[in-house]
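Asker: The structure is given below, and queries will be raised subsequently.
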Amino acid sequence: MKKKFKLERYNQILWAGIGTGVVAVVVVAVLAVTVAALYAVFKSRSGVPVAVMEENAQGGTVPEAAHYDFCQPIVVHGSPYQLIRVVTDRLVVRNKPAVLERKQGYDSNSSGARSYDSCGLYGIDRPSAVANVLVRHADSGAMQLLLKENAVIQALEYPQPPSRNTEPEFVPTFPPAGVLYWEIAFEDSNGDNVIDEHDDSGAYLSDIDGRNLVRITPKVSRVLEKTYDEARKLLTLRIVRDSNSDGKLDEKDAPSLIEVSVVKRKMVREVLDRASLRERMRAAEPRRRTSSMLDR
């Protein structure tokens, strides 16, 4: 009996060891896959080189030619226009070198989903970014560039066809017919040699053909969130702006709430900022007894 007991005990220990080994192998494999996936993610977000063109350079040549490619045209509902995004692996700027940090941007629709789908350089395994948009008239074939000089187009929203779902949350209302919405960073505004979320990125409205591009947000700011009041034709934007005037957008700055008239294409009022919020919230704080009351 003792030998049988020892044999069973030995088998239990042996299988437990084998089981532990299998688990360890699986864990190592999962960790390896995870590390590889994280590496791929961070590798895909590496910087895009920026060529610098001197203002007084003869001929305006750049050290290395940029690669350009185009994405599938976007059909703008209710118009004869198509929007063709142009991507590049090298942004040409004037006099000021900066690394263009590849970040997930808004998809080119009104849903606000942050993705650029499969838009990228074909056959080139380099980070790329949308630097301009060709506006094409589908009937005549005429094309024009949206921007006279390339920039970082971080968001593009355009009118959508009516949804079959009639629930209010599924009915696209922004942008309204005849209007395009953009978020564009034109420069490394804080001088840290990187174009990222710390730099000025203005919100713009334009005609459906890309003309009459007008900025609707204050200088040195970027959009955090937005909602559209269709009845009043007002766009409410929660933005972060350079509230301490140091030329940077960082944790030292504070959000504010502004209203923009889509019809007039201009900011009409600042609804709320941190200072006015503080004043309003003081009224809701419990009243404190004064020191004279405590002495009684």
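Nothing in this text is a laboratory measurement; each read-out follows from the coordinates by a stated rule. Keep in mind that what you see is a predicted model, and the values were worked out from it rather than measured. Please note: Cβ atoms are built from the backbone with ideal geometry, for glycine as well, and neighbour counts cover all protein chains shown.
Asker: Output the number of the condition that Gly178 fails; it satisfies all remaining conditions of (1) crowded, with 16+ Cβ neighbours inside 10 Å; (2) within 30 Å of Met143 (Cα to Cα).
Answerer: That leaves (1) as the condition not met.
Asker: Within region 215-247, restricting attention to residues that are of a type in the set (Val, Ile, Thr) and surrounded by 13 or more Cβ atoms within 10 Å (Cβ to Cβ), which residue is nearest to Val76 (Cα to Cα)?
Answerer: We begin by selecting, within region 215-247, every residue of a type in the set (Val, Ile, Thr); these are 216-217, 220, 223, 227, 236, 239-240.
Within this subset, residues satisfying the condition of being surrounded by 13 or more Cβ atoms within 10 Å (Cβ to Cβ) are 216-217, 220, 223, 236, 239-240.
Numbers: Ile216: 22, Thr217: 24, Val220: 30, Val223: 23, Thr236: 23, Ile239: 27, Val240: 30 Å.
My answer is Ile216.
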